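Here's the structure, in structure tokens; my notes come after.
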């Protein structure tokens, strides 16, 4: 049946608008997609500095991140699915809640050999892009099954990996800065060299320099970051002292090194004339390591990450998203940009409609689900996980600790009793509170754990937690005061509990039957 002559002009106008739009160009021309994804990168960039909320962002300098934010979108409340690297990356590359990914739903999971693995049927976002015509590859850390990126041959680091040890390298040889950045450039060029002419590509740049260990004093020595400038800007659940300030300044130096490395990659894309047809994304796999309340915690300091997206035309410049989103949203977003669909039944949503001109936050889900199980396998007796799930909304953080009798950051071990372990033991092992990375901050806290004035810091950092936590974010942005037991908050608590449990039940979270405590999720014989 032919269209009415009255409809044809309108259809022609509609088709003309659609074909001229960047999203249509993405479906037809398939934009390049570049994910700049650092290990242990919390929400740190000068673009996040807020005069109303003093923080380390006030002194860090990240011109590349800031440019992406100014020319694209900045998400002020982006969260990982789980604040632990393997399951976080698995959730990102599948678009699924971490607990749906079988053997890679935990760090260094000891899956029972021969047991059926739900992950075996997962294709993953990169391979789906490859099937849609993309050249795919990554540099540096992967930490999930390599088949999700088409196999080990898709790893590109032929020029070297010194970016992963930035402060260690530069402290010994300050003149090596350009050489280290040149390795980043050459690795990216090696990836592009395997690309067919005109072929779109997906590249994931995954350096680990923001992971421990970095050189003490390197933030000031290499980047001019004076720890004293952090006075009054340290999160209140950490001591504001010389040790912690220097530790954070050194971490921020590694953030700046990552920013510089990202700038090299963007320069290469620009030289090829393809920057404006490339979707560029900056993020990280969880919060800062070695700090109580950071990595491995579902609170904002541990699970909040930067999220910056740039794609001119498709993403409105200067867009700021205020509602919570999850990194599980990236896989559906990348596939939508490429005109492909996920075969993996993702839980995330495509962010692009909300980022286009005229888009707004109301089209977004508006909450993030966060959780964790095993991080360090031997952190607790019997190799047991610490099971926690959380719901982060614009107004609240609700936390459910399923096993409040367990130590959240691992058993005290070397920190137990009155004996003070030596510094070597605390810096070279993870025996005390093993889910907190060894660090100067951790060493200081363990050595001074009986000092007056640290009771709240230690209680929030590593002591046992109640079954439920509730934080009112407008009153308590650092999540210091748990109001779950307040009768005045009973209705809010019940509502959030119901919302969280409904999602876990709908997605068949194995935690609801305590399956994470048993084989195949925990196999002690393989430790």
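Only the coordinates and a few stated rules stand behind these numbers; no lab work does. On a predicted model such as this, the values are computed, not experimentally measured, just so you know. Using ideal geometry, Cβ is built from the backbone for each residue, glycine included, and neighbour counts are taken over all protein chains shown.
Here region 135-180 yields Rg over Rh of 1.12, to two decimals, using C-alpha coordinates and the Kirkwood radius.
The Kirkwood radius of region 36-160, taken over pairs of alpha-carbon atoms, gives through the Stokes-Einstein law at 4 °C and 1.567 mPa s a diffusion coefficient of 77 µm² s⁻¹.
Using C-alpha pairs under 8 Å with a sequence gap of at least 6, the mean separation divided by the residue count of region 220-281 gives a relative contact order of 29 percent. With the convex hull of its Cα atoms as the shape, region 201-324 has an orientation-averaged projected area of 9.3 nm².
If you wrap the chain in the convex hull of its Cα atoms and look at it from every side, the mean projected area works out to 27.4 nm². Per-residue ellipticity at 222 nm, computed for the chain from helices alone with -39500 (n - 2.57) per DSSP H run of at least four residues, works out to -9000 deg cm²/dmol.
On the basis of the beta-carbon distance and an R0 of 51 Å, residue 486 and residue 146 show a calculated FRET efficiency of 0.60.
What percent do you get for the relative contact order of the chain when only Cα pairs under 8 Å and 6+ apart count? Worked out over the chain, it gives 22 percent. For region 235-308, the C-alpha radius of gyration sits at 1.41 times the compact-globule guess of 2.2 N^0.38 Å, with N the residue count. Distance between the 7 Å Cα→Cβ label points at residue 320 and residue 365: 2.5 nm.
Full extension of the chain between residue 518 and residue 447 gives 22.0 nm of extra length, using 0.36 nm per residue less the Cα-Cα distance.
Going by Cα centres, region 199-271 and region 84-162 are how many Å apart? Cα centres, region 199-271 to region 84-162: 26 Å.
Could you tell me how many degrees, from 0 to 90 and to the nearest 10, lie between the Cα long axis of helix 242-271 and the main elongation axis, the longest principal axis, of the Cα atoms of the chain? The helix 242-271 is inclined about 10 degrees to the chain.
Between residue 199 and residue 50, the distance separating the two model label sites (each 7 Å from Cα on the Cα→Cβ line) works out to 4.4 nm. In a fully extended conformation the segment linking residue 61 and residue 242 would gain 63.1 nm over its present Cα-Cα distance, using 0.36 nm per residue. Multiplying the residue separation of residue 272 and residue 341 by 0.36 nm and subtracting their alpha-carbon distance yields 22.0 nm. Rounded if a/c is under 1.5, else prolate if a/b is larger than b/c, else oblate: which is region 52-99, with a ≥ b ≥ c the root eigenvalues of its Cα gyration tensor? Here region 52-99 falls in the prolate category. Of the Cα atoms belonging to region 372-526, the radius of gyration and Dmax stand at 17.4, 49 Å. A Stokes-Einstein calculation at 25 °C with viscosity 0.890 mPa s, built on the Kirkwood radius of region 174-257 over Cα pairs, returns a diffusion coefficient of 161 µm²/s. Using only Cα coordinates, the Kirkwood hydrodynamic radius of region 121-260 works out to 17.0 Å. Residues of region 234-257 with amide nitrogen under 15 Å from the 7 Å Cα-to-Cβ point of residue 454? Residues passing the 15 Å test: 237-245. All C-alpha pair distances within region 95-201, sorted into 5 Å bins from zero, spread as 2, 11, 16, 16, 15, 13, 13, 9, 4, 1, 0 percent across the bins.
Placing pseudo-labels 7 Å out from each Cα toward the beta carbon at residue 228 and residue 464 gives an inter-label distance of 4.5 nm.
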